[in-house]
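Asker: Dropping a structure here in structure tokens format, bear with me for questions.
The values are calculated or read from the model by the stated rules, or taken from the named source; none is laboratory data. Everything quoted here is computed from the prediction, not taken from an experiment. Counting neighbours? That spans all protein chains shown, and the Cβs are built from the backbone with ideal geometry, glycine included.
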């Protein structure tokens, strides 16, 4: 009787098979062979079924087969502020570097660093003795020349009387008149010298020209200071009021100038670098008279009271200029605005908890809200959260609505439950997404 040898790759055994339906000889008999075949078939079934079930679970989790949980907001009617944002630099109205105007030894410093001063407050004093001496000398020269002038005038009066009596020649009288005029000119020069000496003596006492705050001093007492040095003694900066210079695009000239020409006071807010904290509020003071051709912008200045020193010189701030106010506009949160191939749109929630796409025309943005110029009515509900999972006609689950799973309304199974169901001893398991042991 002939035999065939076949290779059983699943069990790893070589099974002799008799022709004409003979009995197979395997270790453990036919029972073992059937068990091995059952295990292989079960593995193939798991491999085929598990990906589809996992994909179904993911689909349910993404809300493809049920209502999608969303956040909504109401379209409301409110006033919208039309604002322009710009980057600005805090620029004091006056910054004075105190420098000596006469040379000499620094005698005293009469301020403390960081002190607030008023106009006329004495800051430093330079040794005045050389300049006092120069003043006294100029005054002495003036007194001497004044005496000569007085004497020449007396002689002129006498010569005029003699000329009337034909006792002297006309030449003598003319010479005396010239002498009087010469002495008068000398006296005027002496007076100017006295004034110059008084000015130099006054420069020995340096006062603050503006109200402000003094900075760090650069020179100590006892040092010799002189005219023409690049480094000053101290810097005085005006703190109240404070200005901010900022640049706006030239496209906004007409909108701003229209308000300026009408005499409207435009409010300005200064924010920190993150644009979250408002530092100070002020008004637009003036605008420049030309556009910078290199940047296409034009400069403007805003004034702030700065009573609490909120703004610091040379600080960079974000400026928000309010140009206009649009009354009774329909607005929605900016998060509701979606953009696609057809333009900007929103998802509007209907009474049956389904959404529809509505194309909208946007107006200016005011904070977290955006003006809807066209396409939406007040009171309509729009989706502000979860819109990335929606399409036209999708069912949604509103906040506070009753429901279990956001996808199907039932509890989604865990991965372990699927594994347990496919290995049930009797092949019995729950059906559907809610199956269990």
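Asker: As an exercise: evaluate residue 242 against (1) surrounded by 15 or more Cβ atoms within 10 Å (Cβ to Cβ); (2) in the same structural domain as residue 136 (by TED's automatic domain parsing); (3) farther than 30 Å from residue 129 by Cβ; (4) modelled with pLDDT of 95 or more and give the number of the one condition it does not meet.
Answerer: Among (1) surrounded by 15 or more Cβ atoms within 10 Å (Cβ to Cβ); (2) in the same structural domain as residue 136 (by TED's automatic domain parsing); (3) farther than 30 Å from residue 129 by Cβ; (4) modelled with pLDDT of 95 or more, the lone unmet condition for residue 242 is (2).
Asker: Which fully enclosed strands (runs of 3 or more DSSP E) of the range 8-98 have 3 or more residues being surrounded by 13 or more Cβ atoms within 10 Å (Cβ to Cβ) and modelled with pLDDT of 60 or more?
Answerer: 71-74, 76-92, 95-98
Asker: State all residues of the range 211-237 that are crowded, with 17+ Cβ neighbours inside 10 Å and over 16 Å from residue 112 (Cβ atoms); if no residue qualifies, say none.
Answerer: At the first step, the residues of the range 211-237 found to be crowded, with 17+ Cβ neighbours inside 10 Å are 212-215, 217, 219, 225, 232-237.
Answer for the range 211-237, where residues must be crowded, with 17+ Cβ neighbours inside 10 Å and over 16 Å from residue 112 (Cβ atoms): 225, 232.
Asker: So, residue 327, is that one at pLDDT below 95, within 30 Å of residue 68 (Cα to Cα) and part of a strand (DSSP E or B) or not? Show your work before the answer.
Answerer: Numbers: at pLDDT below 95: yes; within 30 Å of residue 68 (Cα to Cα): no; part of a strand (DSSP E or B): yes.
Spelling it out, it is not the case that residue 327 is at pLDDT below 95, within 30 Å of residue 68 (Cα to Cα) and part of a strand (DSSP E or B).
Asker: Could you list all residues from the range 262-318 that are under 30 Å from residue 214 (Cβ atoms), assigned to a loop (DSSP other than H, G, I, E, B) and touching a strand residue (DSSP E or B) at 6+ places or on another chain (Cβ under 8 Å)?
Answerer: Within the range 262-318, 272, 273, 277, 305, 306, 310, 311, 312, 313, 314, 315 qualify.
Asker: So, residue 160, is that one surrounded by fewer than 16 Cβ atoms within 10 Å (Cβ to Cβ) and touching a helix residue (DSSP H, G or I) at 6+ places or on another chain (Cβ under 9 Å) or not? Before the answer, list the steps.
Answerer: Details: surrounded by fewer than 16 Cβ atoms within 10 Å (Cβ to Cβ): yes; touching a helix residue (DSSP H, G or I) at 6+ places or on another chain (Cβ under 9 Å): yes.
Yes: the conditions hold for residue 160.
Asker: While we're looking at this one, here's another question. If you check 371, 385, which single one turns out to be surrounded by 12 or more Cβ atoms within 10 Å (Cβ to Cβ), more than 20 Å from the chain's Cα centre (by Cα) and over 30 Å from residue 88 (Cβ atoms)? Explain how you work it out, then say what you get.
Answerer: Values: 371 fails: over 30 Å from residue 88 (Cβ atoms).
After ruling out the rest, the residue left standing is 385.
Asker: Being closer than 30 Å to residue 321 by Cα and touching a residue at least 60 places away in the same chain (Cβ under 8 Å) narrows it down to one residue among 225, 236, 221; which is it? Give the steps one after another, and end with the answer.
Answerer: Working: 225 fails: closer than 30 Å to residue 321 by Cα; 221 fails: closer than 30 Å to residue 321 by Cα.
Answer to the selection: 236.
Asker: Is at least one residue of the range 200-215 touching a helix residue (DSSP H, G or I) at 6+ places or on another chain (Cβ under 7 Å) and in a helix (DSSP H, G or I)?
Answerer: Residues of the range 200-215 that are touching a helix residue (DSSP H, G or I) at 6+ places or on another chain (Cβ under 7 Å), as a first pass: 200-201, 204.
Adding the requirement that they be in a helix (DSSP H, G or I) leaves 200-201.
Yes; the residues of the range 200-215 include at least one that is touching a helix residue (DSSP H, G or I) at 6+ places or on another chain (Cβ under 7 Å) and in a helix (DSSP H, G or I).
Asker: Could you tell me which residue of the range 99-115 is farthest from residue 300 (Cα to Cα), considering only residues that are in contact with a helix residue (DSSP H, G or I) (Cβ under 7 Å, 6 or more places away or on another chain) and in a loop (DSSP other than H, G, I, E, B)?
Answerer: 102
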